[in-house]
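For reference, the structure is listed below as structure tokens.
The values are calculated or read from the model by the stated rules, or taken from the named source; none is laboratory data. Predicted model, so just to flag it, every value in this text is computed and none were measured. Here the Cβ is made from the backbone with ideal geometry for all residues, glycine too, and neighbour counts use every protein chain on show.
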Amino acid sequence: MSTYLKYVWRPVTGGRHAFPIAATKTPLDDEVEAYCGANAPAAELHDRSEVDWVRERSCMKCWRHLADKGP
């Protein structure tokens, strides 16, 4: 099993989505795609506050996608 992160959850506009870890290295002016297909500006993956985490709901499509993949 890999000890490296493969995905990351981020509260972007519209929900808390899971993104491939590579999305965190995307230039800030580009868009990134969550596992569910939702798009967000890469800049939204950084510097999110605790309030952002509380306000946004977890995307169940992302959740199911990751759960179906298994460990």
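Of the residues making up region 9-24, those that are more than 11 Å from N39 (Cβ to Cβ) and over 8 Å from the mean Cα position of the chain (by Cα) are G15, I21, A22, T24.
Listed conditions (1) within 11 Å of the chain's Cα centre (by Cα); (2) surrounded by 15 or more Cβ atoms within 10 Å (Cβ to Cβ); (3) among the acidic types (D, E) are all met by E33, apart from (2). Tell me which residues, restricted to region 30-54, are farther than 16 Å from G14 by Cβ and modelled with pLDDT of 95 or more. Selection gives D30 alone. Meeting the requirement of 2 or more residues that are in contact (Cβ under 8 Å) with a residue 40 or more places away in the chain, touching a Lys or Arg at 6+ places or on another chain (Cβ under 7 Å) and not aliphatic (A, V, I, L, M), the strands (runs of 3 or more DSSP E) wholly within the chain are 7-12, 15-20.
All conditions but one from (1) farther than 21 Å from K6 by Cβ; (2) of a type in the set (S, T, N, Q); (3) surrounded by 15 or more Cβ atoms within 10 Å (Cβ to Cβ) apply to T26; the one that does not is (1).
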